[in-house]
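Reading through the structure tokens given below for one structure.
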Amino acid sequence: MQMLSVDSPIAMSRDFDVTFLHHVATGIAAAAPLRELLTHVLEFATSSAQCDSCFIYVLEGEELILRASKNAHPDIVDRLKLKLGQGITGWVAEHKQPVAIAQNAYSDYRFRFFNELPEDRFEAFLSVPILSRERVVGTINLQNRAPYFYSEREIKLVSSIGLIVVVQMQMARLEDENSHLSSQLESRKLVERAKGILQQDLKITEQEAYVRLQRQSQESRIPLRDVANAVILSQALREKAR
């Protein structure tokens with residue numbers, strides 16, 4: 001049986017794979033919020049294969065939503081949406097199979113053009129699904145300006161990232177959703193308290209109190225929660241002054 005030298009390309013490649021996957025597992029496990037987690041995924045994905053751009057889409061309901069980008073697109077992150085089967089990304093999510101195109105990606109029959117994305121004019125394109133028990137969670141997309149042939153090893157590495165992070169992604173999404181629900185509940189409680197204060201002070205109905213809070217929020221361009229907080233704080237200060 002032939003022994004591999006520690007300096008051989010194969011041995012070095014294996015060492016890189018092990019080290020890389022260790023960093024992925026360690027880094028991802030430490031990331032709690034979904035946004036932070038996706039930033040780690042971007043870093044790992046762009047380290048595993050050559051690319052000029054990287055996008056991560058997350059499936060929410062029946063839509064794939066762009067949630068992270070290597071090249072910042074503040075106007076479209078969280079806004080760009082695709083349906084399953086729409087474009088190459090939608091095809092990958094629908095069929096649960098990776099797609100690697102070495103050149104002329106924009107000529108592929110599945111391609112869909114977006115004016116907001118300069119990456120749509122790139123030559124090479126790789127998209128891999130993020131799967132959890134055969135269910136699609138999202139996709140990782142890599143793009144190159146020049147023609148580029150994605151090796152089988154690169155495709156497997158990017159796919160492995162998806163397999164590793166999928167549980168953490170789902171947990172982070174649940175935590176974000178729970179945090180959002182908790183915030184909404186707290187806001188409702190504050191608004192209810194503020195309405196009660198206005199009703200008592202101004203001798204008005206609950207509906208009238210809510211309309212006043214809403215109008216103040218709109219006119220001052222301040223969130224309704226903050227307006228309610230101001231009303232509650234004002235009452236607390238009055239009580240202390242008595």
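The values are calculated or read from the model by the stated rules, or taken from the named source; none is laboratory data. Since the structure is predicted, the reported quantities are computational estimates derived from the model, not experimental observations. Note: ideal-geometry Cβ built from the backbone for every residue, glycine included; neighbour counts use all protein chains shown. All accessible areas refer to the heavy atoms of the entire protein, side chains included, with ligands and DNA or RNA removed. Shrake-Rupley method; radii C 1.70, N 1.55, O 1.52, S 1.80 Å.
Between Glu63, Glu119, Glu134, Glu123, which is modelled with pLDDT of 85 or more, among the charged types (D, E, K, R) and more than 16 Å from the chain's Cα centre (by Cα)?
Numbers: Glu63 fails: more than 16 Å from the chain's Cα centre (by Cα); Glu119 fails: modelled with pLDDT of 85 or more; Glu134 fails: modelled with pLDDT of 85 or more.
Answer to the check: Glu123.
Scanning the stretch 118-149 for residues that are out of contact with any Asp or Glu (no Cβ under 8 Å at 6 or more places or on another chain), over 16 Å from Lys70 (Cα atoms) and among the hydroxyl-bearing types (Ser, Thr, Tyr) gives a single hit, Ser132.
Residue-wise test of (1) in contact with a Cys (Cβ under 8 Å, 6 or more places away or on another chain); (2) in a helix (DSSP H, G or I); (3) hydrophobic (A, V, I, L, M, F, W, C); (4) more than 19 Å from Ser183 (Cβ to Cβ).
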site: Ala194; (1), (2), (3), (4): no, yes, yes, no
site: Gln200; (1), (2), (3), (4): no, yes, no, yes
site: Ala209; (1), (2), (3), (4): no, yes, yes, yes
site: Arg215; (1), (2), (3), (4): no, yes, no, yes
site: Gln218; (1), (2), (3), (4): no, yes, no, yes
site: Lys240; (1), (2), (3), (4): no, yes, no, yes
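Residues that are farther than 16 Å from Ile130 by Cα, open to solvent by less than 50 Å² (accessible area, probe 1.4 Å) and of a type in the set (A, V, I, L, M) were ranked within the stretch 66-94; the one that is modelled with the lowest pLDDT is Ile76. For the stretch 95-154, enumerate the residues that are basic (Lys, Arg) and within 19 Å of Val77 (Cα to Cα). The answer is Arg112, Arg121. Scanning the stretch 209-237 for residues that are in contact with a helix residue (DSSP H, G or I) (Cβ under 8 Å, 6 or more places away or on another chain) and either over 20 Å from Glu186 (Cα atoms) or of a type in the set (Val, Ile, Thr) (or both) yields Ser220, Ile222, Val227, Val231, Ile232.
So, Ile140, is that one over 19 Å from Glu43 (Cβ atoms) and within 20 Å of the chain's Cα centre (by Cα) or not? Quick ask: steps written out before the conclusion?
Numbers: over 19 Å from Glu43 (Cβ atoms): no; within 20 Å of the chain's Cα centre (by Cα): yes.
So Ile140 fails the test.
Hey, can you tell me all the residues within the stretch 212-233 that are surrounded by fewer than 13 Cβ atoms within 10 Å (Cβ to Cβ) and either more than 35 Å from the chain's Cα centre (by Cα) or small (Gly, Ala, Ser) (or both)? Within the stretch 212-233, Ser220, Leu233 meet the criteria.
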